[in-house]
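> Can you read through this structure? Questions will come right after.
The values are calculated or read from the model by the stated rules, or taken from the named source; none is laboratory data. Computed from a predicted model, the values in this text were never measured in an experiment. Cβ: placed from backbone, ideal geometry, glycine included. Neighbour counts: every protein chain shown.
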Amino acid sequence: MAKAGDLKTGNIIRFNGELVTIDELIHRTPGKGGAFYTGKMRSIKSGRIIELRMRTDEEVDIARVETKDYQYLYDDGDFFVVMDNISFEQFNVPKELFGNSARFLKEGMNVLIAMESDEPIIAKAPNNVELEIVYTEPAVKGDTSTNAFKNATVETGIEIKVPLFVNQGDKVKVDTATGAYIERVK
């Protein structure tokens, strides 16, 4: 067991039986009384914010979380199957851990997964991915005077908005968090 004074922003601790990550931590030393910590924690499972207030000598349970790169292999129902790049072991990771970025995953792509006691708790896709446009309407000549966008379907089957100059067969860089077009890849 560690003391609250050992905590840092970004640590994952077990608080009231659930895993939380420390988002904000402020050390307070009032004029009278003992020093204490205030801050905010975020529940890993539900995402809700929890207010934190604890004495500096209070015991906390810091979780042993191992974060590694894994290769995304394929979709298997409610899970994604990933492989450890070093030991070649395969794991099932729940899709909901990836959030909205799950729709942009391609086979063979590297993803970051945090495990606690051989159970995946956090999964993160790359910040942006390169995808090929499989279908889009051709642009109308002379229709480029404004910052106009059109719909395009990428190789993962998701529809995104792209500028008019992007054609079928082009590769584009897409932000996985928002699904927004970033740039055309040469």
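> Evaluate the following for Pro120: is it within 25 Å of Asn92 (Cα to Cα) and either surrounded by 15 or more Cβ atoms within 10 Å (Cβ to Cβ) or more than 18 Å from the chain's Cα centre (by Cα) (or both)?
yes
> Only one of (1) closer than 27 Å to Gly10 by Cα; (2) of a type outside the set (D, E, K, R); (3) modelled with pLDDT of 90 or more; (4) surrounded by fewer than 18 Cβ atoms within 10 Å (Cβ to Cβ) is not met by Val93, so which one is it?
Exception for Val93: condition (4).
> Yes or no: region 48-59 includes at least one residue that is at pLDDT 90 or above, closer than 30 Å to Val129 by Cα and either part of a strand (DSSP E or B) or in the same structural domain as Val174 (by TED's automatic domain parsing) (or both).
yes
> Could I ask something else about it? Taking the stated definitions as given, is Asn100 under 20 Å from Gly47 (Cα atoms), surrounded by fewer than 14 Cβ atoms within 10 Å (Cβ to Cβ), within 20 Å of the chain's Cα centre (by Cα) and at pLDDT below 90? Let's see the steps before the verdict.
Numbers: under 20 Å from Gly47 (Cα atoms): yes; surrounded by fewer than 14 Cβ atoms within 10 Å (Cβ to Cβ): yes; within 20 Å of the chain's Cα centre (by Cα): yes; at pLDDT below 90: yes.
It is true that Asn100 is under 20 Å from Gly47 (Cα atoms), surrounded by fewer than 14 Cβ atoms within 10 Å (Cβ to Cβ), within 20 Å of the chain's Cα centre (by Cα) and at pLDDT below 90.
> Restricting to region 2-27, name every residue that is without any contact (Cβ under 8 Å) to a residue 40 or more places away in the chain and either outside any strand (DSSP E or B) or surrounded by fewer than 12 Cβ atoms within 10 Å (Cβ to Cβ) (or both).
Once the filter is applied, which keeps residues that are without any contact (Cβ under 8 Å) to a residue 40 or more places away in the chain and either outside any strand (DSSP E or B) or surrounded by fewer than 12 Cβ atoms within 10 Å (Cβ to Cβ) (or both), region 2-27 yields Lys8, Thr9, Gly10, Asn16, Gly17, Ile26.
> Scan region 32-77 residue by residue and report those that are surrounded by fewer than 16 Cβ atoms within 10 Å (Cβ to Cβ), under 20 Å from Glu96 (Cβ atoms) and touching a Lys or Arg at 6+ places or on another chain (Cβ under 6 Å).
The one that is surrounded by fewer than 16 Cβ atoms within 10 Å (Cβ to Cβ), under 20 Å from Glu96 (Cβ atoms) and touching a Lys or Arg at 6+ places or on another chain (Cβ under 6 Å): Ile49.
> Another question, then. What is the residue count in region 60-79 for residues that are in a strand (DSSP E or B) and free of Cβ contacts under 8 Å to residues at least 60 places away in the same chain?
13
> Find the residue count for region 28-47, including only residues that are outside any loop (DSSP other than H, G, I, E, B) and of a type outside the set (A, V, I, L, M).
Result for region 28-47: 8.
> Please enumerate the residues belonging to region 155-180 that are of a type outside the set (A, V, I, L, M) and over 19 Å from Ala102 (Cβ atoms).
Listed by number, the residues that qualify are Lys161, Pro163, Phe165, Asn167, Gln168, Gly169, Asp170, Lys171.
> Related question: Here is a check on your reading of the model: is Gly39 modelled with pLDDT under 90 and among the small types (Gly, Ala, Ser)?
no
> Going residue by residue through region 108-117, is there one that turns out to be farther than 24 Å from Ile12 by Cα and under 19 Å from the mean Cα position of the chain (by Cα)? Steps first, please.
Going residue by residue through region 108-117, those that are farther than 24 Å from Ile12 by Cα are 108-109.
Subset that is under 19 Å from the mean Cα position of the chain (by Cα): 108-109.
Yes.
> Can you list the strands (runs of 3 or more DSSP E) lying wholly within region 92-186 that have 3 or more residues being closer than 30 Å to Gly17 by Cβ and among the polar types (S, T, N, Q)?
none
> Of the residues that sit in region 123-149 and are of a type in the set (Gly, Ala, Ser) and surrounded by fewer than 10 Cβ atoms within 10 Å (Cβ to Cβ), which one is modelled with the highest pLDDT?
It comes out as Gly142.
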